[in-house]
Amino acid sequence: MKLSTKIILPIILISALLILLNGCFGIPADESPGYTPGTITGIIAAPCCPTSAEPVSETCCIAPEYWCFYCQKTWSLQDGIEVVLTYGEDEVATTTTNNKGEFTFTDVSPGKNYVITAYCPDFDDNRPLVKDVALELIEGGSFDT
């Protein structure tokens, strides 16, 4: 029995097309699509916020007129400070510093110019205690502010 090219050629073309389409729609079992999130960490140290780990207080030897100078020269690690991570106008995450002034944001999407803002709870006017920028967080990377 002789097979003609009119029968064999379409079968070969349809088989090749099905193999190609199967490769386009299937995801290999060992790969997962998406990105690897990153981490932003840092330490908050500032003068004269009463929640500091090492409280700053006026000592017997410092006159009140020099208190501001003393305050600017004495920086303390900040314990229990609210730290907010923003990207553009959007608030991404909020955390609190530990007793060593350290904070960590995990599962952060790759991007540029994340803004880290720390607020002292004793300020009534919502002004930041510390503000910093994470210039670029690469996929799966870490940025220390």
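Every number in this text was worked out from the coordinates using simple rules, so none of it is lab data. Not measured: the values here are computed from a predicted model. Cβ: placed from backbone, ideal geometry, glycine included. Neighbour counts: every protein chain shown.
Summary of values
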item: Contour minus Cα-Cα distance for Asp124 and Asn98 (0.36 nm per residue); result: 7.1 nm
item: Neighbour-count order for Val115, Val83, Val108, fewest beta carbons within 10 angstrom listed first; result: Val115, Val108, Val83
item: Two-site label geometry, Glu82 and Asn22: point separation in nm, points 7 Å out along Cα→Cβ; result: 5.7 nm
